Structures are given as structure tokens and as C-alpha cells.
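Only one structure is covered here, and it is reproduced in the block below.
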Amino acid sequence: MDRRTLIGGIAGASALLAARPLLAAERITDDDVALTVGTRETRLFRVRPARPRGVVLFSTGHGSWPDRYAVLTRYLAAQGWAVLAPLHVDSMRYPDRAKFTMQASFGERIADMGAAAAVAAKDYPGLPVIAVGHSFGTLVALCLGGALSYIAPFRMPAVKAVLGFSTPGKIPGLVQPTAYTSLAVPAMIVTGTADTVPGFVTDPADHLFVGQTAGKAAYTLVAKDGGHELVADAVAMARVLPAVDLFVAAYGTGDAQALKKLQGWTAPAGDRFVVKAA
């Protein structure tokens, strides 16, 4: 693991945990193990509470790696969710990264998540599963929820909801106008008014596309001045976590009270919260 990244992430997560009530304030274990994906091998990063109540399948942004998301993953683990995050082939930490084009990495990412889901089914049988991602990883998480069905049946039945931080935008040829109409589970997208991606997203409004076209209930939270790396910013995350907590409880564990609160939730001043009914 990247010690500097991990320590920084733990510090950021600790700040969040100090400000937020925990549902499962228990010992958290961080480690990584070998993960076989077809004929290749990668690593599966695990952030686990002592007594998990659900599983998060987490997909990182393009070129990134799981340690960079310690602010979010340790927070989720502290709330009782075991986080499983594969190291994708497009990661700068993947040894054979040069062997895969960006186009090829999309299919490999889906395969990674399938392998992680198999681990979840074996190690946490019967627990609810949600898919979470950042940027390119958000697209992958949405696919597990049924998106992009015109390419292939990516839908993973175990996934009950999708939580995404930013999106890769409207990628020509890949993200078509009907990309999210086949989404079969509720989704929440967290983005910001400064959420751009050089070479891919020049208009932050592109990240609203999921919420505007999703086939199921969708929630979009737009943080004022939030950039593409909002997910790693403990200060910015503290503003959006109340809605994230309610979404995860409502659709991850079926908490009816949380759902009611989520639908009536009001964003902090300057932020915007848009709800699209199922």
C-alpha cells in the first residue's frame, strides 16, 4: 500500500468519523489479497468492519487505485459495510498496465467486479450488496446496476443500488442517449459545479445525465465548487454524507424511514439536490 496515501486517507476519514455518528464503531481491517480474474491475477483491496451488515463493490477512477479512496472506504466500513475494491488493469499501480488499451480496460473492469462479487458471495453470504464508484468507476458501478444494456447484459442481480461520485461524462460511442434508461436499481450521483475532466468533460452539467435519464429512482447531489476529486476531500465529503448515509440505508438495507428522510432531504446552502422518482 502507498503509506502516504493511506495515512492521509485515514486522517481524512477520522475527521469525518469524529463529526458523524457511527452505526458500527468497531475495529476496521485494511488489507489486500490476490484476486484471479480469468487468466490473469490482480489484487483485491479489502476494508472490513468486525461485524459487516453489507458489502460495497468499489470501482476506482481511471488510472487510480483503491488506497486513494481511504476517506470514503474507511467511512463506509465504519458504518458497517465491507468494501471490496479490485486493482483495475488501467491503474498506474497495475504491473502490466501497458498491455491494455483504455477500450480493453472497460471489459476487464467488468470482469474484475464479477470476481469481487464472487468473493462477496462466498465471504458474506446473504448480506446486501451495493456498487460504488468514482468517475470511470461510476460507469462500471452503473453497469452492474443494468446500465449500457445495448452493449451487453452487465446487470449483476446481487447489486441493490448504485452510488457514484462523478461520472466519466457523455463518452461518444459508449454513453449513448439511452445509456441509463435500462438502469434497474436506484442510483445516487454526487458531483460538483466545478466537476470537469480534461479531454472528457468540459461541462459539469454532463454529470447530471444519469439522474435525468435513469430508468429507476435517481438522486443527484451537486456540491457548490466541488471538483472531480471531491470524493477524496474530507471537508467536501462532510457536506454530502448525510444524503449518502440516507441513500445507502434506504436502498442498501431497506430502511423505510431513511427513504422518507432522503426524499425530503434539503441540501446545504449553495448545493443542489435533485430527486427523480422511479
**Item:** Among ARG48, ARG68, ARG97: highest mean-square fluctuation, GNM of the chain, C-alpha pairs under 10 Å
**Value:** ARG97
**Asked** Ignoring any ligand, DNA or RNA, what whole percent of the accessible area of the stretch 21-142 comes from carbon and sulfur when the probe is 1.4 angstrom?
**Response** 54 percent
**Asked** Among the lysines, which have Cα under 27 Å from the Cα of LYS160 when same-chain residues fewer than 8 positions away are ignored?
**Response** LYS122, LYS170, LYS216, LYS260, LYS261, LYS276
**Request:** Please list, or write none, the aspartates and glutamates whose alpha carbon is within less than 20 Å of the alpha carbon of LYS224, excluding same-chain residues fewer than 8 places away.
**Result:** ASP195, ASP203, ASP206, ASP233, ASP245, ASP271
**Asked** In what sequence, largest accessible area first, do MET102, MET92, MET156, MET237 appear using a 1.4 Å probe?
**Response** MET92, MET102, MET156, MET237
**Request:** Tell me what the chain gives for mean residue ellipticity at 222 nm when only DSSP H runs of n ≥ 4 count, each as -39,500 (n - 2.57), the sum divided by the residue total, rounded to 500 deg cm²/dmol.
**Result:** -9500 deg cm²/dmol
**Prompt:** What shape does the stretch 172-270 take by its C-alpha gyration tensor, where a ≥ b ≥ c are the square roots of the eigenvalues and a/c under 1.5 counts as rounded, a/b above b/c as prolate, and the rest as oblate?
**Reply:** oblate
**Asked** If you count the DSSP beta bridges with both ends in the chain, what percent of them are antiparallel, to the nearest 5?
**Response** 45 percent
**Prompt:** Can you list the chymotrypsin sites (Phe, Trp or Tyr not before Pro) in the stretch 123-166 that are in a DSSP coil and have 16 or fewer other beta carbons within 10 angstrom?
**Reply:** TYR150
**Prompt:** In square angstrom, rounded to the nearest 10, how much accessible surface does HIS88 have for a 1.4 Å probe?
**Reply:** 0 Å²
**Request:** Kindly report the accessible area of the chain per residue (heavy atoms of protein chains, probe 1.4 Å, no ligands, DNA or RNA), in Å².
**Result:** 41 Å²
**Message:** If the elastic network links every pair of Cα atoms under 10 Å, which of ALA187, ALA258, ALA152 fluctuates the most in the Gaussian network model of the chain?
**Reply:** ALA152
**Message:** Please state the shape class of the chain: rounded when a/c is under 1.5, otherwise prolate if a/b exceeds b/c and oblate if not, all from the C-alpha gyration tensor.
**Reply:** rounded
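The values are calculated or read from the model by the stated rules, or taken from the named source; none is laboratory data. Just so it is clear, the model here is predicted, and its values are computed rather than measured. No Cβ is skipped: glycine too gets one built from the backbone with ideal geometry, and neighbour counts run over all protein chains shown. With ligands, DNA and RNA removed, areas are computed over all heavy atoms of the protein, side chains included. Shrake-Rupley method; radii C 1.70, N 1.55, O 1.52, S 1.80 Å.
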